[in-house]
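Report on the structure given below.
The values are calculated or read from the model by the stated rules, or taken from the named source; none is laboratory data. All values reported here derive from a predicted model rather than from experimental measurement. Note that each Cβ is placed from the backbone with ideal geometry, even for glycine, and that neighbours are counted across all protein chains shown. Keep in mind that these areas ignore ligands, DNA and RNA; they rest on the heavy atoms of the full protein, side chains included. Shrake-Rupley method; radii C 1.70, N 1.55, O 1.52, S 1.80 Å.
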Amino acid sequence: MSHRLALIGVVLALSPAAAQQRPPIVSPPPPPPPPSVPPPVVATSSGQIINRQKLLDYRPGDVRCGSETIRPERVERPLTMLRYGDVPAIPIMLRFRIDSTGRPLSIVRESERFPENDDLLPSFAAWQFPDGARADCSISFYPVAEPIERVSPAAARRYLALGGFRPGQAPRPLWDRAQLPGGCVQRWPQLLTQSFPRFDTIAAPPASLSATFLGFDIDAEGVPTNIRTLDSDGNAALDVAGREAIAKWRYAQGPRTGCTYPYHRRQQVPLAPPEAPDPAALRDPAARCDTAEAWQTPPVLTFPDPYRKRAIEGWAIIAFDVAPWGATGNVRVLAAEPTSDFGDAAKRVVEQSRKMASETGASGCTERVRFAMTSD
C-alpha cells in the first residue's frame, strides 16, 4: 500500500518508489518527538520531584444540527496525547454537515485555536450518524488533562496500546498505572515463542483504531494462564484474537503473576471521500487561466500523517494565481472533503510549487488535489 496524491489537470503523481510506504497493520507509529524544553517539575515539601506531564483527552459534547440534537450511532475516540504543563481549558468547536448515509462531511474548526490533538478531526470523520442529510451541525470537544501519576489504569493502557509503546518508550508513571500487581514486570522471563493475531482477518469499522490490553500469569512450565482482557476499545474480535495469541506464548521460566501485553489494530481499507466536483465549476468567471503552463518546481506530495494512520482519503479544490516568473500566489481553498485539513495540506502543496515562466502569468486557476491510498 502506498500513498499517492494526484494533481488533476496535470500528469503528476507519486511513483511507487517515491511514495510513502504504508506501515504494516501491526506496526506502531513512531513515538512522539521529545519536547523542545525539559518537562516542568515540582518539588514537594519533602523534596520529592514530581514530573508534570499530563495525558490530554478531548471529550465530546452534544451534536446539534440546527435546533435538533442528534445522537451518533458510532463514536470514534481521538487518540490521547502527552503534554507538558498546563493545557488551556478551551473547547474546540467543529462545524459540519451530515450526508444521506449518516457520514459527517465538510468538517471545519470554528475556533482559530489549533487543538492540542491532531487526531481530533480525523477521529471525528470516522463517526457515524443515522441516515438522513442534515446541515448546520456542530459539536464541541472539551480538553481534559490529568497528571500521568493520577490517570486511570484504563486511560494509561489505551495510550500505551494505541501508541505501540514498549517499556522504556513511555514515561514510567504511565506503565506503573497500567500494570498489575505481581513480579512479572520486574522479572520478565525469557520468551521462547511469541504469537500475534491475524490482524487482517479482524473486522473493524472504517477509519478506526482498536486496542486490547491483556493480563495473564505464567505457570511453572512457562505457559500463560489466567489470560483475560483488562481494557479494550470494544473490538470483541480483537479481544478474542489477542487472548488466543497470548495462549500460544511460551517462556523459559515460571511462575509469574501480573503480566500484561497490548495489541492494536489499524483499519487498512481506505475510507474514500465523496465525489469531488469539477474544478472548472468553481472557477471565477473572471479568471485568466486559459493555458496551463508546466510545473517548473513540481508539487511536493505529502499525505497528512494523522489521516494516514486512519486510512482516510480526501481531496481539495484550490484556486491560485501565477506571476509571470512562475511563482504561485493568492492560494486559497475553494472546497475540501472530508475535513478542512485536506484543504490546508493542498494549499501548502500549491504554495510550494512553481510554474514555468510566461509573458502574462495567470489568475483564478483551479486545480483538484486528491489524497489517495492505493495499492501498487
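Computed over region 237-281, the range of Cα coordinates on each principal axis works out to 70, 16, 15 Å, biggest value leading. Across region 137-238, counting alpha-carbon atoms alone, Rg and Dmax equal 16.1, 59 Å. Net charge near Val240: determine it from the other residues with C-beta under 13 Å of the C-beta of Val240, scoring Lys and Arg +1 and Asp and Glu -1. Charge balance in the 13 Å sphere: +2. Expressed in units of 2.2 N^0.38 Å, where N is the residue count, the Cα radius of gyration of region 205-287 is 1.94. With every protein chain in place and a 1.4 angstrom probe, the accessible-area ranking of Ile90, Ile70, largest first, reads Ile90, Ile70. In the context of the full set of protein chains, residues of region 284-376 present 43 Å² of accessible surface per residue (probe radius 1.4 Å, heavy atoms only).
Does region 297-338 classify as rounded, prolate or oblate by the C-alpha gyration tensor (a ≥ b ≥ c root eigenvalues; a/c under 1.5 gives rounded; else a/b over b/c gives prolate, otherwise oblate)? Oblate.
So if I take the alpha carbon set of region 243-309, get Rg, then get Rh from the Kirkwood formula, what is the Rg over Rh ratio?
We get a ratio of 1.36 for region 243-309.
Expressed in units of 2.2 N^0.38 Å, where N is the residue count, the Cα radius of gyration of region 86-144 is 1.18. Placing pseudo-labels 7 Å out from each Cα toward the beta carbon at Thr193 and Ala357 gives an inter-label distance of 7.1 nm. Rounded, prolate or oblate: which one fits region 68-214, using the alpha carbon gyration tensor with axes a ≥ b ≥ c (rounded when a/c is under 1.5, else prolate when a/b beats b/c, else oblate)? Judged from the Cα gyration tensor, region 68-214 comes out oblate (a/c at least 1.5, b/c at or above a/b).
Label sites at Ala154 and Thr302, each approximated as a point 7 angstrom past Cα along Cα to Cβ, lie 3.7 nm apart. To put it simply, the accessible area of region 55-213 at a 1.4 Å probe is 50 percent carbon and sulfur.
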